[in-house]
Every structure is written in C-alpha cells, then in structure tokens.
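Written out below as structure tokens is the structure these notes cover.
The values are calculated or read from the model by the stated rules, or taken from the named source; none is laboratory data. What you see is a predicted model, and the numbers here were worked out from it, not measured in a lab. Heads up, the Cβs are rebuilt from the backbone with ideal geometry, glycines too, and the neighbour counts pull from every protein chain shown.
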Amino acid sequence: MRFHFKRIFQREKNDRFHSPLVQEFLLSPKAEQLDLGRRKIMGAGLVGLSGGLIFRIHPQSSGNTYNPALIRPPGSLSEEEFLAKCVRCGECMKVCPTNAIHPASFEAGLEGMWTPVLKMKVGNCEYECTLCTQVCPTGAIRELTLPEKRAQKIGQAFFDKNRCIPYTFSRECIVCEEHCPTPEKAIWFEEVEVLRHSGETIVVKQPKVDPDLCVGCGICMHVCPIKDEPGIYVTSVGETRNPDNQFLLTTSSDPYGESNSDSSSDPYGNSSPY
C-alpha cells in the first residue's frame, strides 16, 4: 500500500513538472531551441528598416518647408547634423536660467523627439547667457562666446494685429519694446491716428519689428500681457543655422556670419560658378 501511494505521488509530481506552463518558466533555456528560420530573419529586418524610415518621415525632411515652432538653442548645428549629434542628454535644458529649453514632441518629427527646442511662452532666450552652448557634450550646440551669441539669430518675431493691444483695441501698450534686449531696440513704434468707437480721433503707438535687429530671443512674446495667445510670436524663420530658412536677401553663405573672401555678389549667398 505504501509503495502504491508512492508511485501515484511520483506520477502526479511528474505530470505537474511536465505541464506546459511549468516548462515555460522552469525548464533550462538550453532545452529551448532558437528558431532562426529565413522568414523570421527577413521579417525582423523589414520591421527594423520600416521603423527607421518611419522615424525619418516628417515635413522638414524634404527641405521645402520648415516648422515655425522648431526653434533650436543658439549655436545649434544644421538640422541634419544636429539630429546626428544630439544624444538627448538634457544638459542644455538643466542649465537654462529661464526654463525656455524643453524636449521636443513632434516639432522635428519622430526622429527629433526629446531633442531641445525653445518654448517662448514658457521662457525666453536670455540675451546675456551662453550656458547651453557650454555644456553640450557632443557639439550639437557649438560653444559660443557672448559676442558670438548676441549675433546669433534663432528666429524672428511677428506681431499678430488681431491680438496686439494697440492694433486691436487702439490702446497704448509698450511692454514688448521695454523688454527688448538688443542695444538698438528691434521693436519700434509708428504713431498712427485711429478713430475710436466714441468718434474721437487719437494717436496710438503701433509697434513694429526691425528684422535686421531682431534675434528671436522671444522675451517680447514671454512678457506680452495677453497670456493665452500673445499678440507677438516667434517662429524659426531667419535662423542663423539654416541659410535656406530665410525671408530676407543675404550677402553671405556662411550661416554664422563669418567673413568669406570668396563670396560672390549673389544676393542669396550662392558662390559664383565663374
């Protein structure tokens, strides 16, 4: 009788041990065979290739359009070089004193996720600061001296005349001009006679932006009294790092404004074929 129960117990123990669920978690990995069939290898390769292509699909990849919200820190390399070198370490974000640098979502497509971009509604690029250019470990943001940084243009400010107070409500507001940090103010005023609802004619100072002086720092946007959607905004157009994303004629093909004795008189900065 004792022997009979022992055999039954041993059979139940073996059945439990050989159940598929137990085998999956308890059997040695050596007992499992690695299936390296041709179909699975080809399938894995296709998945990896398609994933890489998907990550590179975004409007800017064609070079014919540029995201106005893709404002990189001063000293950033051209977009292709920047994406190749940036390791998403976040060091530039940590040192930014105004908390203006944030990880990108889809501004640069899937390939550019978590790379640094400036959010001007959160903070502005401090005119007297070069910290982000000093901490980049890979050179995606090249180191700049303060004079070099002041000459960098990271974007261009534009007034929204449907929201700017002097344009929309015919009331005085000079906040953006007061905070403009450039030695010669990039924001200036034009005195215009306007007719109020009461029938009274008054003179209002309407702000303008000088594109030759604006560096795109975004402080005007950050301090605008209209907080939900400011009456002035900054886009990436005119950025120093990209000679193609321009709206004004230039005389130099050097994106950093350094002199070039071989530059031609072509207003677009293209070298002469002769």
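For the reader, a short list of remarks on this structure follows.
- Residue within region 185-202 that is surrounded by 11 or more Cβ atoms within 10 Å (Cβ to Cβ), modelled with pLDDT of 95 or more, charged (D, E, K, R) and more than 22 Å from V117 (Cα to Cα) present: yes
- Residues (touching a residue at least 24 places away in the same chain (Cβ under 8 Å), among the small types (G, A, S) and assigned to a loop (DSSP other than H, G, I, E, B)) located in region 100-130: A100, A104, A108, G109, G123
- Region 72-99: number of residues that are without any contact (Cβ under 8 Å) to a residue 60 or more places away in the chain, in contact with a helix residue (DSSP H, G or I) (Cβ under 6 Å, 6 or more places away or on another chain) and of a type in the set (G, A, S): 0
- Of all residues in region 103-144, those being under 13 Å from R88 (Cβ atoms) and buried (at least 19 other Cβ atoms within 10 Å of the Cβ) number 9.
- Residue identified as in contact with a Leu (Cβ under 7 Å, 6 or more places away or on another chain) and small (G, A, S) among S198, S236: S236
- Any hit, region 131-148, residues being in contact (Cβ under 8 Å) with a residue 12 or more places away in the chain and within 30 Å of C173 (Cβ to Cβ): no
- On the stretch given as region 216-248, residues that are closer than 16 Å to T182 by Cα and assigned to a strand (DSSP E or B) total 1.
- In region 166-194, residue nearest to V204 (Cα to Cα) [restricted to those that are free of Cβ contacts under 8 Å to residues at least 12 places away in the same chain and in a loop (DSSP other than H, G, I, E, B)]: F169
- Every condition in (1) of a type outside the set (G, A, S); (2) over 17 Å from S236 (Cβ atoms); (3) out of contact with any Gly (no Cβ under 9 Å at 6 or more places or on another chain); (4) part of a loop (DSSP other than H, G, I, E, B) holds for K94 except the one numbered (4).
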